[in-house]
Amino acid sequence: MAILELVVASNSRGVRLGDLANALDAPKSSLHALSKGLVSTGYLREEEGRYLVGPAISSLIAVGPTTFQSAYRHILTELVAQWNETAMLATLVGESIVYIDSVQPDVLIRAIPTLNRRISLWPRSSGKVFLARMEPKRLEAYLRRHHPDPAEADLVRAELDVTRTTGTGISIGEAVEGHVALAVSVTDAPLPIAIAMAGPHGRMIDRIADISSTMRAAVTSLTS
């Protein structure tokens, strides 16, 4: 907790390992192991030798990172206005997804994501996008832990190949029965971010290609 407090207090500057050791009067070796654990679980992130606040902090305080919300909320709003389905902003926290913002349509039956809570990567559309863009060594480690059956792991790899090719993660009734969800990656750095849309199968199934195209165009407009 002392490490977290020091990093949070540094705001956007970040803290070096040596600074932590001096402030806490503790050996670098011990702090290095603890800090790496906080990075792997998403509470911290490491950039150029400095530790900064990670997205999992929002799950502790039940408030999403406002910087990301303000940067992408207008895109979520525009997608909802066009397609009248729920739009979400997701980030990768360790080996989990955390939805940090959502905009919902004014319809009775709709997708209602839970914000600031860890949920499994597979088989959610955002999870497929994050896994598809994960470096090979990390992906294989994930598969060994979560999909130890070789045949199942091969099926996951095959679907991730499709996700890389199309640029869209698709989940049809896999994560939530009766719902279709689509996701597109926005950025990998400094944090993996994806935009997702979800809704009832009957409204979404025939519009997958059109909605996906719109989402990819929206992401292109953000990054161009």
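The values are calculated or read from the model by the stated rules, or taken from the named source; none is laboratory data. Computed from a predicted model, the values in this text were never measured in an experiment. All Cβ positions, even for glycine, are placed from backbone atoms using ideal geometry, and neighbour counts span all protein chains on display. Ligands, DNA and RNA are excluded from the accessible area calculation, which covers all protein heavy atoms including side chains. Shrake-Rupley method; radii C 1.70, N 1.55, O 1.52, S 1.80 Å.
Quick notes on this one:
- Other-chain or far-sequence residues with amide H under 5 Å of Val93's (modelled H): Val98
- Taking every protein chain into account, the 1.4 Å probe leaves Leu6 with about 60 Å² of accessible area, to the nearest ten.
- Taking amide H as placed 1.01 Å from N in the peptide plane, His179 has its amide H under 5 Å from the amide H of Gly173, His201, each at least 5 places away in sequence or on another chain.
- Listed values for the range 34-49 are Karplus-derived 3J(HN,Hα) couplings in whole Hz (6.51 cos²θ - 1.76 cosθ + 1.60, θ = phi - 60°), namely 5, 5, 4, x, 5, 5, 5, 9, x, 6, 10, 9, 10, 9, 6, x, and x replaces Gly and Pro.
- Whole-percent carbon and sulfur share, accessible surface of the chain, 1.4 Å: 55 percent
- Whole-Hz ³J(HN,Hα) from phi, Karplus 6.51 cos²θ - 1.76 cosθ + 1.60, for the range 199-215, glycine and proline x: x, x, 3, x, 8, 9, 4, 8, 10, 4, 5, 5, 5, 4, 4, 5, 5
- Computed from backbone phi with θ = phi - 60° and the Karplus coefficients 6.51, -1.76 and 1.60, the 3J(HN,Hα) list for the range 97-111 is 9, 10, 7, 10, 6, 7, 10, 10, x, 8, 9, 5, 9, 7, 6 Hz; x is used for glycine and proline.
- Under the shape rule built on the C-alpha gyration tensor, where the axes satisfy a ≥ b ≥ c, the range 89-167 is prolate, since a/c reaches at least 1.5 and a/b is greater than b/c.
- Length released on extending from Val107 to His146, taking residue separation times 0.36 nm less the Cα-Cα span: 10.4 nm
- Cα-centre dipole for the chain with unit charges at Cβ (Lys and Arg positive, Asp and Glu negative), debye to 20: 320 debye
- Per residue accessible area in Å² of the chain, where ligands, DNA and RNA are left out and the probe is 1.4 Å: 50 Å²
- Summarising the amide proton neighbourhood of Asp101: residues at separation of 5 or more, or on other chains, whose placed amide H is nearer than 5 Å comprise Leu89.
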